[in-house]
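A quick write-up on the structure given underneath.
The values are calculated or read from the model by the stated rules, or taken from the named source; none is laboratory data. Computed from a prediction, not measured in an experiment: that's the story for all the values here. Every residue, glycine among them, receives a Cβ derived from its backbone with ideal geometry; neighbour counts consider all protein chains shown.
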């Protein structure tokens, strides 16, 4: 009779180490779907039952704890866990802040303050130069506008008259008496 196409016995003992026996697997375990030989079937079933019993005991313990758990205990447990989390976060923030402070102090010590001031002032002066040139142009344009406005005269009836000068009037030729 040919062996079943299950391969070799793959029984696992309680320590979960695979034992490779030289026998062919003849049965498939209904719990773990592994092939086992006839000799290891009983051992495998006993070990599986032990694990099932352990899980069942853990479930029963958990049910008992849940059944006896009160609202106050839930609140206390929640507050305790929240306090632990808060302390962990605060400690991490404090640790990071100390690290950043140390790093910042180190960078400031490395910084040459005189060179920093000089470069910063030079940059400010550089930015002001175009503004000064622009201001000069604006002042010149304002003077030209004042001059053009001086040619205009508003009469008592609200009309505007333009004084024409062939040449630019000078203050020497004007009579202000």
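Points to keep in mind about this one:
- The condition of being at pLDDT below 85, surrounded by 10 or more Cβ atoms within 10 Å (Cβ to Cβ) and in a helix (DSSP H, G or I) holds for residue 135.
- The single condition from (1) at pLDDT below 85; (2) surrounded by 10 or more Cβ atoms within 10 Å (Cβ to Cβ) that residue 2 fails is (2).
- Unique residue being modelled with pLDDT of 85 or more and either touching a strand residue (DSSP E or B) at 6+ places or on another chain (Cβ under 9 Å) or not in a loop (DSSP other than H, G, I, E, B) (or both) when the list is 20, 45: 45
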